[in-house]
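Values quoted throughout were computed directly from the atomic coordinates according to the rules given, and no laboratory measurement underlies them. Just so it is clear, the structure is predicted and the values come from calculations on it, not from any experiment. Using ideal geometry, Cβ is built from the backbone for each residue, glycine included, and neighbour counts are taken over all protein chains shown.
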Amino acid sequence: MLDKKTIIILFCGLAAVLGLVFWGLQEEKTPVDNPDAIVYYYGEGCPHCKVINEFLTQYNIADKFSFEKKEVWNNQTNAGELGRRAKVCGIQPEGMGVPFVYAAGKCFIGEPDVKKFFAEKANISLESAETQK
């Protein structure tokens with residue numbers, strides 16, 4: 001028969017394992033905020049993000065439609081959110097990068113795709129935007 005100390009140790013071990021399983025399941029969930037949100041993820045110091053940021057400013061994109069802007073290289077919370085959103089799109093960690101836009105369940109990665117997304121959403125012709133440089 002098991003003594004009281006062994007039963008307590010087994011119970012605590014089982015509780016710890018169940019707690020870790022529950023915590024792990026919580027981590028696998030998709031982002032908890034608005035799944036219809038448009039979020040632009042960027043890295044401070046990223047040269048491609050700099051091009052996108054200049055594009056956003058030059059064409060006053062924030063005045064044309066609403067989106068969130070989140071830095072991920074220095075903010076672990078935002079980086080974790082980016083990872084979860086990428087997972088929704090079936091993107092593995094090695095395929096993630098910035099600039100990155102998540103919009104209503106779709107992901108856009110890299111300068112050309114992100115710029116094209118913002119241009120289309122703001123009704124800006126990329127061809128005319130490129131000739132104005």
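If you take every residue apart from E44 with its C-beta less than 15 Å away from the C-beta of E44, what net charge results, scoring Lys and Arg +1 and Asp and Glu -1? Within the 15 Å Cβ shell, the charges total +1.
Remark on Y42: its backbone amide H falls under 5 Å from those of K70, E71, V72, a criterion applied only to residues 5 or more positions apart or on other chains, H modelled at 1.01 Å from N.
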